[in-house]
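Asker: Structure incoming, see below.
The values are calculated or read from the model by the stated rules, or taken from the named source; none is laboratory data. All values reported here derive from a predicted model rather than from experimental measurement. Neighbour counts are summed over all protein chains in view; Cβ atoms, including those assigned to glycine, are modelled from backbone coordinates with ideal geometry.
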Amino acid sequence: MKIATYNVNGITARLPRLVEWLEETKPDIVCLQELKADDDKFPKAAIEAAGYGAVWHGQKGFNGVAILARDAEPVERQRGLADDPDDTHSRYIEADVNGLVVASIYLPNGNPQPGPKFDYKLKWMARLADRAAALLAEEVPTILAGDYNVIPKDEDTFSVRAMSTDALMQPESRAAFRTILNQGWTDAIRTRHPRGPVWTFWDYQAGAWPRDAGFRIDHLLLSPTVADRLVDAGVDKEYRGREKASDHAPTWAVIR
DNA sequence: ATGCCAAACGCTGTTTGA
């Protein structure tokens, strides 16, 4: 079973590319981020025509997350994170899919830092950590997949210097990510590719794609019993180079 | 020190965000 996460950077603008990728790679479960579309603008019919059921948590203009399942209907079990009733951002949705609990996560970028956006990022990560711990306590097979907007280690960026003041690799961002991992989650990509560059994002700006100046911020975190079933993981890098591509590439894991 | 780019919105440019 293949589960993928894909920050589409606008599902309306990306729909032809998304459908093409679904048809060519046939993932069983897909976590989408950055729909940039309100709930009533989600392209339900096109996704259905491609063979996928879906649940989504949209928002006008930015954010927005969804979970797709091939030949199945995901059953939503939570949207949003607890402990901040004033949080209006659509960044978290969780569903039961084929015996798995799956969450699609769009973690706040946090730039510029320091500042209120960075504070929001760190608070959001603490709330995610609480949810992640609760899910582990349920002892059901779980995958937390999405755009974490965290470069976990120096080897996860083309340039430590270029990114040194960026919110994505501040020590606080990395510590918050490690706190979640250390609960007992397994980073699927790094387990299958222990060393060296694995990029999942290339900025549109400054020729990042042609000079392969990327970083690794899209992650699939596996609960222990899912980690035991991990067979492979990778990035569909080729899709980043196509016409009208997202700035992220689909990132996936195969579970036995 | 700044813009590089892209999408949405709504209108021929502005805002937002990464």
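Yes/no per residue for (1) within 16 Å of DNA strand B (Cβ to nearest atom); (2) small (G, A, S); (3) at pLDDT 95 or above:
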residue	(1), (2), (3)
A:D156	yes, no, yes
A:T165	yes, no, no
A:R174	no, no, yes
A:L181	no, no, yes
A:D187	no, no, yes
A:F201	yes, no, yes
A:R211	yes, no, no
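Asker: Further question on the same structure: Name the single residue that is nearest to DNA strand B (Cβ to nearest atom) among those in the range A:18-49 being outside any helix (DSSP H, G or I) and surrounded by fewer than 18 Cβ atoms within 10 Å (Cβ to Cβ).
Answerer: Once the filter is applied, the top-ranked residue is A:D38.
Asker: Quick one: in the range A:194-223, which of the residues that are over 19 Å from A:K153 (Cβ atoms) and of a type in the set (G, A, S) is surrounded by the most Cβ atoms within 10 Å (Cβ to Cβ)?
Answerer: Restricting to residues being over 19 Å from A:K153 (Cβ atoms) and of a type in the set (G, A, S), the top hit is A:S223.
Asker: While we're looking at this one, here's another question. Which residues, taken from the range A:52-77, are surrounded by fewer than 16 Cβ atoms within 10 Å (Cβ to Cβ) and in contact with a strand residue (DSSP E or B) (Cβ under 6 Å, 6 or more places away or on another chain)?
Answerer: Those that are surrounded by fewer than 16 Cβ atoms within 10 Å (Cβ to Cβ) and in contact with a strand residue (DSSP E or B) (Cβ under 6 Å, 6 or more places away or on another chain): A:A72, A:E73, A:V75, A:E76, A:R77.
Asker: Please verify whether A:L107 is within 11 Å of DNA strand B (Cβ to nearest atom), among the aliphatic types (A, V, I, L, M) and either more than 20 Å from the chain's Cα centre (by Cα) or surrounded by 14 or more Cβ atoms within 10 Å (Cβ to Cβ) (or both), treating the condition exactly as stated.
Answerer: yes
Asker: Could you tell me whether A:R70 is farther than 28 Å from A:R127 by Cβ and more than 16 Å from DNA strand B (Cβ to nearest atom)?
Answerer: yes
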